[in-house]
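Novice: One structure is given below, represented as structure tokens, and several questions about it will come after.
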Amino acid sequence: MERIKWVMASVSGNAAETGTPGVTRFAPSPTGFLHIGNARTGLFSWLYARHHGGKTLLRIEDTDKVRSTKEAIDVILDGLNWLGLEFDGHTYYQSQFEARHAEVAHELIASGAGYRCYLTQEELAARREKAREEKKPFRIESEWRDADPSTWPEGQDYVVRIKAPRDGETVIEDLVQGKVTVKNSELDDFVLLRSDGTPTYMLAVVVDDHDMGVTHIIRGDDHLNNAFRQLTIIKAMGWPEPRYAHIPLIHGQDGAKLSKRHGAMGVNDYRDELGILPEALLNYLLRLGWGHGDREEFTKDEAVEMFDISGVGKSPSRFDMKKLLSLNGHYIREADNARLAALIAPRIGPKADIDTLVAAMPVLKTRARDINELADGAAFLFKSRPLELTAQAQALLDSDAQLLLWRISARLAAENDWTSGPLEASLKAMAEELGLGLGKLAQPLRAALTGQTTSPGIFDVLVLLGKEESLARIDAQAVPGDQIAEL
Ligand code: GLU
């Protein structure tokens, strides 16, 4: 039955070509974080299915029992949830299918496509060493490959190996890499079941993909070599061959594969440490390796509408933090003020007041490129007097500046229209009268009002603080001229 299906599939072409909605999957292994490269793979699998009206499934590859803790799994689920990638049906857990994996391994033995191999670790090590001495590539040549089952030693440990084809070649028409051919003589009799009966990744992934009805496997190109080995199992079982799309990995600015050395790696780090919005990360990851003309900004819905695997390039993409931050700034400006206020309040601390933040947000969000910057820019609103000054702010407030602040305070006290235009006109006029640049006034004023040397525009700061609080903060740092003279 399965065999007939496979023949039909190969005659009628693949799902992508016939327009049949396919089934994709995302199959992360819990490693303690959701690598952004993996997140992009998940995004592409998700988009492909959504674009074609197919299904997309999530399978947690939790066969490594030491690493697959609940926390490590939750990090992945949390990251996907934050990115808004919802998968169809329930989450699959690979460890639940171990009995099924073993069953397939034994079917392969029964059909003659697999065999019990009784070579011991010592024998293998000796053969490896010999190959090394003779400077020959090591390749498993197990005498058990063609041994008659009647000669299998009872009660001895064995592994189950696949009988890899030795002649001919295997071809993959990869949707990203194009046609890739491997000589079958390069494929080895890899292990399907370990001696303790547990399945290897190579077997588990194939069985699960088949059982879940996956038609399109979209994953990192570090798995391209595995695809040829996996096809050996698929062909031996007479299962339909999936279409493969192996997407290039993400590299750092230096051209090397993205690793811990390049800084933040996990999706959660982008959220928690770098203050990136999910729609910005999603948009950035989409553009990293996929293009649609020279357009940069895509909402999730637009991405679903326009995405196809044909737009994915073959060469590795370089991660560009500046580009991500600039997209993030764009999405911050687009974001709802109440949402942003709720996001930055915990970063400011217990004094942060949501209503004040919402009211200030139109001004605050014009410049920030990430949520931390946004929070830093808002923090001055909640400082209590006397303000704690940064060292740079303190350095700005010398006696000249203190005197200037005293004059500014007197001037602003007379200002009745506390809005940005009149405040600007007033301070500009004052700067002119004193023969000073506006910056000379703005710098100490900023230090006094915010305790910092960077802040939103100075007139915005005055407006956001209101007249009373602004004057109180200025007066706290100002010293009248006669008092300075007495010092
Ligand atoms: N669990 C594998 C990984 O995280 C992916 C397996 C696959 O996509 O075939 O690299």
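Novice: Counting residues in region 255-316 as N, plug N into 2.2 N^0.38 Å and put the Cα Rg over that result.
Specialist: Working: Rg = 13.2 Å, N = 62, 2.2 N^0.38 = 10.6 Å.
With N residues counted in region 255-316, Rg over 2.2 N^0.38 Å equals 1.25.
Novice: On to the next question. Can you give the calculated 222 nm mean residue ellipticity of the chain, where each DSSP H run of n ≥ 4 adds -39,500 (n - 2.57) and the sum is split over every residue, rounded to the nearest 500 deg cm²/dmol?
Specialist: Only helices count here, giving -15000 deg cm²/dmol.
Novice: Something else now. Given labels modelled 7 Å from the Cα in the Cβ direction, how far is it in nm from residue 301 to residue 261?
Specialist: 4.4 nm
Novice: Let me ask something additional. Distance between Cα centroids, region 349-381 to region 164-223: provide it in whole Å.
Specialist: Measuring centre to centre over Cα atoms gives 51 Å.
Novice: Let me ask something else. Quick check for me: using +1 on Lys/Arg Cβ and -1 on Asp/Glu Cβ, what's the dipole size of region 73-170 about its Cα centre, in debye to the nearest 20?
Specialist: About 540 debye.
Novice: Alpha carbons only, please: Rg and Dmax for region 283-399, in angstrom.
Specialist: Rg then Dmax for region 283-399, in Å: 19.2, 66.
Novice: On the accessible surface of the chain, probed at 1.4 Å, how many percent belong to carbon and sulfur atoms?
Specialist: Accessible surface attributable to carbon and sulfur in the chain totals 51 percent.
Novice: What translational D, rounded to a whole number of µm²/s, comes out for region 164-239 from Stokes-Einstein when the hydrodynamic radius is the Kirkwood one over Cα pairs, at 25 °C and 0.890 mPa s?
Specialist: Diffusion coefficient, whole number: 185 µm²/s.
Novice: Kindly express, to the nearest 10 degrees and within the range 0 to 90, the angle between helix 399-413's C-alpha long axis and the longest C-alpha principal axis of the chain.
Specialist: The two axes meet at around 80 degrees.
Novice: When N is the residue count of region 220-297, what does its C-alpha Rg come to as a fraction of 2.2 N^0.38 Å?
Specialist: Relative to the rule-of-thumb radius for its length, region 220-297 sits at 1.49.
Novice: Rg/Rh for the chain: what does it come to with C-alpha atoms and Rh from Kirkwood?
Specialist: 1.17
Novice: Going Cα to Cα from residue 440, which lysines come in below 29 Å? Please leave out same-chain ones fewer than 8 positions away.
Specialist: Correct list for residue 440: 365, 383, 428, 467.
Novice: Could you work out how much longer the chain between residue 395 and residue 354 gets when fully extended? Use 0.36 nm per residue separation minus the Cα distance between them, nm to one decimal. Let's see the in-between values first.
Specialist: Values: separation 41, 0.36 × 41 = 14.76 nm, distance 3.22 nm.
So the extension gain works out to 11.5 nm.
Novice: How big is the Rg/Rh ratio for region 317-472, C-alpha atoms only, Rh by Kirkwood, two decimals?
Specialist: We get a ratio of 1.01 for region 317-472.
Novice: Take the eigenvalues of the Cα gyration tensor for region 207-351, scale each by 5, and report the square roots as semi-axes in whole Å, largest first.
Specialist: Rounded to whole Å, the semi-axes are 35, 17, 17.
Novice: Just the ratio, please: alpha-carbon radius of gyration of region 115-198 over 2.2 N^0.38 Å, N its number of residues.
Specialist: Values: Rg = 15.7 Å, N = 84, 2.2 N^0.38 = 11.8 Å.
For region 115-198, the normalised Cα radius of gyration is 1.32.
Novice: Regarding region 86-232, what whole-number volume in Å³ per residue does the convex hull of its Cα atoms give?
Specialist: Per-residue hull volume (Cα only) is 147 Å³.
Novice: Pairing the Cα long axis of helix 321-334 with the longest principal axis of the chain, what angle in degrees results, from 0 to 90 and rounded to the nearest 10?
Specialist: Its long axis makes an angle of about 60 degrees.
Novice: Stretch residue 183-residue 225 to full length: gain in nm at 0.36 nm per residue minus the Cα-Cα span? Show your work: numbers first, answer last.
Specialist: On the way: separation 42, 0.36 × 42 = 15.12 nm, distance 1.18 nm.
Contour length minus Cα-Cα distance gives 13.9 nm.
Novice: Compute the angle between helix 467-477 and the longest alpha-carbon principal axis of the chain, please, reported from 0 to 90 degrees and rounded to the nearest 10.
Specialist: The answer is roughly 80 degrees.
Novice: About the Cα centre of the chain, what is the dipole size in debye to 20, counting +1 per Lys and Arg Cβ and -1 per Asp and Glu Cβ, all else neutral?
Specialist: Rounded to the nearest 20 debye, it is 720 debye.
Novice: Right, here's the next one. Of the DSSP beta bridges with both residues in the chain, give the percent that are antiparallel, rounding to the nearest 5. Can you show the working numbers first?
Specialist: Details: 16 of 30 bridges.
The answer is about 55 percent antiparallel.
Novice: Order 446, 40, most accessible first, counting only protein heavy atoms with a 1.4 angstrom probe.
Specialist: 446, 40
Novice: Please report the relative contact order for the chain, taking Cα pairs under 8 Å with a sequence separation of at least 6, and give it as a percent rounded to a whole number.
Specialist: This gives 13 percent for the chain.
Novice: What accessible area per residue comes out for the chain, rounded to a whole number of Å², with a 1.4 Å probe? Each step should come with its number before you reach the end.
Specialist: Values: 23450 Å² over 487 residues.
For the chain, the solvent-accessible area averages 48 Å² per residue.
Novice: Note the full-extension length gain between residue 321 and residue 472 as 0.36 nm times their separation in residues minus their Cα-Cα distance, in nm to one decimal.
Specialist: On the way: separation 151, 0.36 × 151 = 54.36 nm, distance 4.05 nm.
Working it through step by step, the gained length comes to 50.3 nm.
The values are calculated or read from the model by the stated rules, or taken from the named source; none is laboratory data. None of these values were measured; they are calculated from a predicted model. A quick note on method: Cβ atoms are made from the backbone with ideal geometry, for glycine too, and the neighbour counts reach across all protein chains shown. For accessibility, only protein heavy atoms count, side chains too; no ligands or nucleic acids. Shrake-Rupley method; radii C 1.70, N 1.55, O 1.52, S 1.80 Å.
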